[in-house]
1. Does any residue of segment 238-246 turn out to be within 16 Å of residue 289 (Cβ to Cβ), among the charged types (D, E, K, R) and part of a helix (DSSP H, G or I)?
2. Failed condition for residue 219, given (1) touching a residue at least 60 places away in the same chain (Cβ under 8 Å); (2) outside the structural domain of residue 195 (by TED's automatic domain parsing), with all others met?
3. State yes or no: is residue 156 out of contact with any strand residue (DSSP E or B) (no Cβ under 9 Å at 6 or more places or on another chain) and in the same structural domain as residue 76 (by TED's automatic domain parsing)?
4. What are the residues in segment 329-366 that are closer than 22 Å to residue 281 by Cβ, in a helix (DSSP H, G or I) and either of a type outside the set (Ser, Thr, Tyr) or out of contact with any Ser or Thr (no Cβ under 9 Å at 6 or more places or on another chain) (or both), if any?
5. Quick one: would you say residue 376 is closer than 30 Å to residue 102 by Cβ and modelled with pLDDT under 90?
6. Does segment 82-92 contain any residue that is within 22 Å of residue 215 (Cα to Cα) and buried (at least 18 other Cβ atoms within 10 Å of the Cβ)?
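The values are calculated or read from the model by the stated rules, or taken from the named source; none is laboratory data. Values in this document were obtained by computation on a predicted structure and should not be read as measured data. Every residue, glycine among them, receives a Cβ derived from its backbone with ideal geometry; neighbour counts consider all protein chains shown.
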Amino acid sequence: MVPNTVKGRPRREVIVNDKRKSWSIQLGTIGEIPIRLHLTFLAVLAWLLFGSDSKSALSETLFVIAIFICVLLHELGHALVAKRFGIATRDITLYPFGGVASILSQPTPKSELIVAIAGPIVNLIIALAVYPWISIPDLTLPGEIEIPLPVRFFFTNLALAIFNLLPALPMDGGRILRACLSLSSVKEPTKIAARISQILCIGLAICGYYFEQPMLFVISVVIFLGAMQEHIRYEAKTIAASFTLRDAMIPKERLESFPHGTTISQALRIALTSWQSLYPVMNGDDLLGIAMRDDVMEYGVTEPNNYIGKIIKRAIPEIDIETPLADAYTQMDASGTPVLSVTRDGRYAGLLVFDRLADFLLMHDLRDRMPKEEEDIEWMNP
């Protein structure tokens, strides 16, 4: 984990807008971990309450809420075990398809193995706790059998544990597989785990189509895309390992910046003819914050005479210029922040912008994949 200091100074908290939070609401915190609920989850509950039979609507809604409490406990299992290894969790978000605990650094293979297995263990413990109170109905009897809620609760937690142990990234089983490959000194464990995951997802999709189970087909597509995203992250970190922060950052001399006394209308005139998506706001040589171009455009119409200080994002996370680019990429990807303030000897030196960093890594990936003959031909052209 990257230490929470920069050249002996405490790193400031991140309050730059995270677009992933725009469709979720915070329910509270547990162990200093924010618990968020995606708004689509509320749509599912509304559909259960008003879109089904009135007799079963309430019980089904309560059952879904109870299951998602189990999902929350599952994710807390990951987060609290990660905390034991010194790995912080940004938040836990509950979606209609499950939960996501966003940890802020890549664990070691041993810690990833333990953190990944903690979630399914929580579900197994819940299932074992419920087991003494269940009575499984006789399914051989004729007629429609109504399965009691405790039985459904038991088997659902059992299914959650087993399903999450499937060896497919980004699920727990895929992370366990990657950790085991790493501990076995296998080269490129993320790449191998991602490929195994995608092959497994293709098999699940075929089963979903053959057995006419559309939800299984949808789940296989979601997991396939998740495995692809893990592979992209791995490739990005591999490419970034060949560069330093200086290669991808934008030095302050090349950035259009606003003095702290600039009005929004003055900033708007500059933003209309500038390529930048964000602007440093300065007090002398010190960075006060970042003004986003979209905010300048919006407030330039409604509040043109206000000062730029009203709309800036003030607490920009800092990173020292000597930090390896791979570590910077990991920090930005994990935290969701679009920009880092680069410092040299504790003083502002420029910005690292995530969109520009992604383009930088993509460009060098394409260059490395280009055949040597094509490179020679390109250089021969006038």
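1. Looking through segment 238-246, none of the residues is within 16 Å of residue 289 (Cβ to Cβ), among the charged types (D, E, K, R) and part of a helix (DSSP H, G or I).
2. Tallying (1) touching a residue at least 60 places away in the same chain (Cβ under 8 Å); (2) outside the structural domain of residue 195 (by TED's automatic domain parsing), residue 219 fails exactly one: (2).
3. It is true that residue 156 is out of contact with any strand residue (DSSP E or B) (no Cβ under 9 Å at 6 or more places or on another chain) and in the same structural domain as residue 76 (by TED's automatic domain parsing).
4. 332, 354, 355, 356, 357
5. no
6. There is no residue in segment 82-92 that is within 22 Å of residue 215 (Cα to Cα) and buried (at least 18 other Cβ atoms within 10 Å of the Cβ).
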